[in-house]
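The values are calculated or read from the model by the stated rules, or taken from the named source; none is laboratory data. Bear in mind the structure is a predicted one, so any value in this text is a computation, not a measurement. Note that each Cβ is placed from the backbone with ideal geometry, even for glycine, and that neighbours are counted across all protein chains shown. What goes into the accessible areas is simple: the full protein's heavy atoms, side chains included, and nothing from ligands, DNA or RNA. Shrake-Rupley method; radii C 1.70, N 1.55, O 1.52, S 1.80 Å.
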Amino acid sequence: MGGMQKHSYYLAKYFARKGIEVDVYHAIPNGTLTENQTAVFSDDELKYLHFIPIHFPRNHHFPGHYIWESYLYSKQVYQQFVKQQAVDFVYAQGFSGWRLLVNKRKGAMRQRKKNDIPVGINFHGLEMFQKAPNLRVKLEHLLLRPWVKKNLRMADVIFSLGGRLTPIQQSIAPSSIIIDIPNGISDSWITTTVSKKNNTVVQFVFIGRYERRKGIEELTSVLTELSTTHPNSFTCHFIGPIPEEKRLHNDSNVVYHGSIREESGIKSILRETDVLLCPSWSEGMPTVILEAMACGCAIIASDVGAVRDQVGGDNGILIVPGNKQQLKDAMVRMIQMDKTELQSMQQASIDKVKSKFLWDDIIDDTIKIIDNMVNNNTQ
């Protein structure tokens, strides 16, 4: 699952654990919900969850097709929404509430009472307002920006992940409707100690698909240099579908694990590695960083999105996106770091997750925000 899908999954799961009824409008490639997609919830959670699968339209190939497809998807969500019993609050991820917001603003909902339902929106990373790695991505960003602004300005409340993302949204919509609330993680990820990491060389790990904005090209270039200047002093693990032609086949310092879909497999590797690498050009508040922190990893990451709320000098190093020299210097620093100092960073990651990023706490804060919106709306 991507970051937005994981966030939606955890929202639904923890709302249900609090006994809150949730209609889950779920994007499905073929428009049907499979047993595997509901098996990730417990029987008690499923009592409160009502899945409404929606086909996400594809097969368009013109510039900006994703915007058009997202709007069509939001129309299908709206068509199903007006058929359901009225709810107290709508939490829209990305463009999913687009058509609903348009009709709500017009007062044109098919059931008049639904015009008064408050709608919150979360655009997560807002990558289209961040630095682009090349001209093609920059053009994609320019196409997306006006439609994202339109959706944000129609919402009753905007959920921001914080960091550098909040000022972006404050430049688009009134500050009074923007609420900072972080991404979260389940406490099942947390390891109790970092003392078991007795690696003879520093173990780095990168998790993600091969996507330009993830900074893999810069990382590959740096690894090639480090294999020459610091041979046999580190290992870098890649988890994700990295194409064969993009791999460093003759570098004994690099290990490619391919895609790992089982959570237990990812946990196992993270709990044995020392440092997560996240040199992205743009991000929101990456779940992968939270997962690595919970497993006792120090972090090297670009200072983008809300990453600065996750990573500081106590548990890692922030770098400028796309800056290969800073990435290299940070990795060298970790390679040469005293083991006690590295373990202190790793423990700080665990402590920070416990204090700021557990879903048990985040869902309570989210419910308070929604309760206030609903109560103010009914007064």
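So the check is Cβ under 7 Å with 6+ separation or different chains; which pairs have a first residue in region 351-379 that's within 21 Å of Val307 (Cβ to Cβ) and outside any helix (DSSP H, G or I) and a second one that's open to solvent by 30 Å² or more (accessible area, probe 1.4 Å) and modelled with pLDDT under 95?
Listed by first residue and then by second, the contacts come to Leu358/Asp187.
Show the residue pairs meeting these rules: Cβ distance below 7 Å; 6+ apart or different chains; first residue within region 133-145 and of a type in the set (Lys, Arg); second residue open to solvent by less than 90 Å² (accessible area, probe 1.4 Å).
That search, which allows pairs on different chains as well, returns Lys138/Ala132; Arg145/Met128; Arg145/Phe129.
Since Leu342 meets every condition but one in (1) over 24 Å from the mean Cα position of the chain (by Cα); (2) without any contact (Cβ under 8 Å) to a residue 60 or more places away in the chain, which condition does it not meet?
Going through the list (1) over 24 Å from the mean Cα position of the chain (by Cα); (2) without any contact (Cβ under 8 Å) to a residue 60 or more places away in the chain, Leu342 breaks only (2).
Being in contact with a helix residue (DSSP H, G or I) (Cβ under 9 Å, 6 or more places away or on another chain) and open to solvent by less than 10 Å² (accessible area, probe 1.4 Å) narrows it down to one residue among Val102, Val137, Val148, Val90; which is it?
Val148
Mind listing whichever residues of region 168-190 are crowded, with 19+ Cβ neighbours inside 10 Å and over 18 Å from Gly94 (Cα atoms)?
Residues satisfying the conditions are Ile185, Trp189.
Could you figure out which of (1) of a type in the set (Asp, Glu); (2) farther than 19 Å from Ser160 by Cα; (3) open to solvent by 20 Å² or more (accessible area, probe 1.4 Å) isn't true of Asp361?
(2)
Does region 265-287 include one or more residues that are open to solvent by 10 Å² or more (accessible area, probe 1.4 Å), assigned to a helix (DSSP H, G or I) and small (Gly, Ala, Ser)?
Yes, region 265-287 has at least one match.
Rundown of residues vs (1) outside any helix (DSSP H, G or I); (2) among the polar types (S, T, N, Q), yes/no style:
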{"site": "Pro133", "(1), (2)": "yes, no"}
{"site": "Leu139", "(1), (2)": "no, no"}
{"site": "Trp147", "(1), (2)": "no, no"}
{"site": "Gly163", "(1), (2)": "yes, no"}
{"site": "Val194", "(1), (2)": "yes, no"}
{"site": "Gln203", "(1), (2)": "yes, yes"}
{"site": "Leu219", "(1), (2)": "no, no"}
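Pairs only if they're at least six apart or on different chains, beta carbon under 8 angstrom, first in region 2-22 and over 29 Å from Tyr210 (Cα atoms), second assigned to a strand (DSSP E or B); list them, first residue then second.
Phe15/Val22; Ala16/Val22; Ala16/Leu49; Glu21/His50; Val22/Leu49; Val22/His50
Going by the conditions given, is Leu165 over 17 Å from the mean Cα position of the chain (by Cα), buried (at least 19 other Cβ atoms within 10 Å of the Cβ) and in contact (Cβ under 8 Å) with a residue 60 or more places away in the chain?
no
Which ones in region 193-212 are of a type in the set (Val, Ile, Thr) and free of Cβ contacts under 8 Å to residues at least 24 places away in the same chain?
Once the filter is applied, which keeps residues that are of a type in the set (Val, Ile, Thr) and free of Cβ contacts under 8 Å to residues at least 24 places away in the same chain, region 193-212 yields only Thr200.
Please state which one of Leu327, Leu318 is touching a residue at least 12 places away in the same chain (Cβ under 8 Å), over 21 Å from Thr191 (Cβ atoms) and not in a helix (DSSP H, G or I).
Leu318
Looking at region 24-52 only, could you name the residues that are at pLDDT 65 or above, under 20 Å from Gln76 (Cα atoms) and in contact with a Phe, Trp or Tyr (Cβ under 8 Å, 6 or more places away or on another chain)?
Val24, Tyr25, His26, Ala27, Ile28, Pro29, Leu49, Ile52
Just one of (1) open to solvent by less than 20 Å² (accessible area, probe 1.4 Å); (2) modelled with pLDDT under 90; (3) under 23 Å from the mean Cα position of the chain (by Cα) trips up Met109, so point out which.
(3)
Which residue, of Asp314, Asp309, is closer than 24 Å to Gly163 by Cβ, open to solvent by 10 Å² or more (accessible area, probe 1.4 Å) and more than 14 Å from the chain's Cα centre (by Cα)?
Asp314
Looking only at region 221-242, filter to residues that are within 21 Å of Gly322 (Cα to Cα) and not in a helix (DSSP H, G or I); which one of those is most open to solvent (accessible area, probe 1.4 Å)?
His237
Tally time: how many residues in region 288-301 are free of Cβ contacts under 8 Å to residues at least 60 places away in the same chain and in a helix (DSSP H, G or I)?
Number of matching residues: 1.
Can you give me the number of residues within region 151-161 that are part of a helix (DSSP H, G or I) and either open to solvent by 20 Å² or more (accessible area, probe 1.4 Å) or in contact with a Lys or Arg (Cβ under 8 Å, 6 or more places away or on another chain) (or both)?
2
Considering only region 246-254, I want to know if a residue exists there that is surrounded by 18 or more Cβ atoms within 10 Å (Cβ to Cβ), touching a strand residue (DSSP E or B) at 6+ places or on another chain (Cβ under 9 Å), closer than 29 Å to Gly162 by Cβ and in contact (Cβ under 8 Å) with a residue 12 or more places away in the chain.
no
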